[in-house]
Amino acid sequence: MQALLEKVRSYLPQDRVQLVEDALEYARELHEGQKRRSGEPYIEHPVSAATYLADLLLDATTIAAALLHDVVEDCGVSVDELRERFGDEVARLVDGVTKLTQLDLLGLDENGTLPTPVDDEQAESLRKMLVAMAEDIRVVLIKLADRLHNMRTLGALPHHRRIAIAQETLDIYAPLAHRLGMGEVKWQLEDLSFRYLQPIEYKSISKRLTTKRREREAYIEQVTEVLKRELARANFNAEVTGRPKHIYSIHHKAQAYAAQGKQLGDIYDLFAVRVLVPSVQDCYGVLGVVHSLWRPLPGQFDDYIANPKENDYQSLHTSVRSIGGLPVEVQVRTYQMHRISEYGVASHWSYKEGGGAGKDVKFEERMTWLRQLLEWQRDVSGTEEFLENVRTDIFRDQVFVYTPKNAIKELPAGATPIDFAYRIHTELGHRCIGAKVNGKLVGLDTQLKNGDTVEILTSRVARGPSLDWLNSHLGYVKTATARQSIRAWFRREERGENVQRGRDLLRRELKRLNDATDEVEIAKMFGYASEDDLFAAVGSGMVSMAQVAGRLTTHADSRTDPTSVDDASLTGPTAGITVLGVGELLTRMGECCHPLPGDDITGYVTRSRGVTVHRTDCPNLNSLHASDSSGDRMVPVSWGKSRNQYPVRLKIEAFDRMGLLHDITGATSIERVNIRGSQTDVHSDHTVTVHVTVEVQGLEQLSRLFSRIEGVRGVHSVSRTIQSVAPAAT
């Protein structure tokens, strides 16, 4: 507590220090006797959060609110009492932080995606946080300081709570800190989350870094000494230091490099040096010295001074072959740029005599995306749609592309020409029929890169968007704002057209999945009163085929209650199957119908092969029933929780052409699906039928695979098939 007061006294006038002292004393009295799960006095938590904010030189109001941020929830103090004691501004900040703390933000599933449907309270909490952030950024600065200290003491919580909080931190708070330009908070939150979510990988990287720590530090010291000497000769007043790499950052880059077939040693910035200078002119001068001293690596230079990142980050980045030929990343920036890169928006808040916090005009311009939150708050129809906007359009890295008139547009990484068109104007998106990137015609699913110049080709008449653009498997649209505009267009269409379109799409999907689930039952899964309401939702793009496949799988898993009878998990190649009322037996999937998780299934006890699992609509079951005179060989089975791979046979109808099989194989590899076998029948009318047996995890992946294969040039239909075999084959 004394250290906190010394810090605020170093930069605040005495009358503002008094506010902090009063808040500290009040918080200490209220939290007296309270302890955290870690055993430490509770007051240490708000003091730690306030101390971090004091390190950023934030105003007295923010420091006081940080000290009091838990008293409403944990001590029963009213916001009105805080307002009377400390003023309206402190009370408002504490109230904002309290509302954010009352609800968890996100409950992501084991795949790291949003649950369906999204819990209204989860989405509403995130909505409140972001809207509060747009109104007063200091609310979120306090919340980030609060979360940072909580992550440092996370080990005291039960395992399931540690995992949930760490996942939430990695998915929401670390990207939020990045978006606000608070690099120091971002990397600390990422490393702390990574430590609990993937402890084995965390320890592995940490051990590898520690093993060669002395060698690495000795090498960096050698590089910095050489660079200091050269800069001094050129009369530059520069501070040169080694830059530590963070564990999660190395893990993230190692994954990206592994996907390209590269090793960890190929990462250019494992060795990194930072140079701080007084002026922008000095930055470019230092860059010249670095490049004259060591050979720069091609394609490894970025000028974020001339082209700052969306979070106001500025710096020169270059990678060179340094001493011994090892790659070293060099960052060059001014002292002010360094402060912004470490503390982001917090660096734009400074105490001014007379109270309050001041913000510069440039900061206001750079943070216009916060204002968009209030616009989306008014425009979107529900919390789930708002949440989708936030996750896709705000919590992703950004790319900057140019219009033909050289206007810059900011889009989330992975955005396509269609996203670009809708970002310019809704009507331009509706009329989009093609695009040119850097003067060349490209597909509408092309992912845009930094610096691209995009030109949208339009139809002369208003033809409207394609419903395929909403198919997430095809990759046409990545931004929530574009999807929202497309859905709105289809909602304006006549209901009759939507119903017919949706009926055709749904029945086509069920046919190619070979799924006999009743349409009325599917409508109930989505909460619609009738199948026509479901058809209208599908036809307008409100319900996608990916969601249908997911619900079919989830619904099938939930129909059998394994606790109602004696059940035993099986061993063997189908460990994801549970046989009800039977001891452990070897099991196998029926080669005739290849059941998948989500299908209705029945087990048949064979004489020599244990239990064979068939789909309930398998045509071979009739002959099996006929051969089972006693009726004892048919046993109920259900899907377990295993994530095994399951074989399924596909029938692909296509026009014959050179490279067809190569393109089909490429489509399956994108989905990481293994091909077990294939057979091609060539017909006299220049068409072919390709029978392919693939291994998938379930109906959702199979649905994505259908979309991939249907996108191959020349393919006009894909369906799932069942072979008819003799009963003896079981």
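The values are calculated or read from the model by the stated rules, or taken from the named source; none is laboratory data. Keep in mind it's a predicted model, so treat the numbers as computed, not measured. Here Cβ is always computed from backbone atoms with ideal geometry, including for glycine, and neighbour counts include all displayed protein chains.
Points to keep in mind about this one:
Residue-by-condition table, conditions (1) farther than 26 Å from Arg138 by Cβ; (2) in contact with a Lys or Arg (Cβ under 8 Å, 6 or more places away or on another chain); (3) assigned to a helix (DSSP H, G or I):
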residue	(1), (2), (3)
Leu176	no, no, yes
Lys186	no, no, yes
Leu192	no, yes, yes
Arg195	yes, no, yes
Ile200	yes, no, yes
Lys207	yes, no, yes
Glu215	yes, no, yes
Ile220	yes, no, yes
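- Matching entry among Ile163, Ile142, Ile172 (being buried (at least 20 other Cβ atoms within 10 Å of the Cβ), β-branched (Val, Ile, Thr), modelled with pLDDT of 85 or more and assigned by TED's automatic domain parsing to the domain that holds Val79): Ile142
- The set of residues in the range 143-197 that are within 15 Å of the chain's Cα centre (by Cα) and charged (D, E, K, R) comprises Glu168, Asp171, Arg179, Glu190.
- The listed residues are Glu375, Glu410, and the only one of them that is modelled with pLDDT under 85, acidic (Asp, Glu) and out of contact with any Asp or Glu (no Cβ under 7 Å at 6 or more places or on another chain) turns out to be Glu375.
- Any hit, the range 118-134, residues being at pLDDT 90 or above and part of a loop (DSSP other than H, G, I, E, B): no
- Just one of the listed residues (Pro296, Pro308) is closer than 30 Å to Asn406 by Cα, surrounded by 15 or more Cβ atoms within 10 Å (Cβ to Cβ) and modelled with pLDDT under 85, and it is Pro308.
- Test set (1) under 32 Å from the mean Cα position of the chain (by Cα); (2) at pLDDT 80 or above; (3) buried (at least 21 other Cβ atoms within 10 Å of the Cβ) - Thr693 fails condition number: (3)
- Residue list for the range 500-526, restricted to those being in a helix (DSSP H, G or I) and hydrophobic (A, V, I, L, M, F, W, C): Leu505, Leu506, Leu510, Leu513, Val520, Ile522, Ala523, Met525
- Leading residue by the ranking (farthest from Asp55 (Cα to Cα)) among those in the range 6-40 that are acidic (Asp, Glu) and surrounded by 13 or more Cβ atoms within 10 Å (Cβ to Cβ): Glu40
- Residues satisfying the stated conditions in the range 62-83, i.e. out of contact with any Lys or Arg (no Cβ under 6 Å at 6 or more places or on another chain), part of a helix (DSSP H, G or I) and buried (at least 24 other Cβ atoms within 10 Å of the Cβ): Ile63, Ala64, Ala65, Ala66, Leu67, Leu82
- On inspection, Gly666 passes the criterion of being at pLDDT 80 or above and surrounded by fewer than 22 Cβ atoms within 10 Å (Cβ to Cβ).
- Among residues of the range 23-61, those that are in a loop (DSSP other than H, G, I, E, B) and within 16 Å of Cys75 (Cα to Cα), counted: 7
- Filtered residue count, the range 316-344, keeping only those that are surrounded by 19 or more Cβ atoms within 10 Å (Cβ to Cβ) and on the phi > 0 side of the Ramachandran plot: 1
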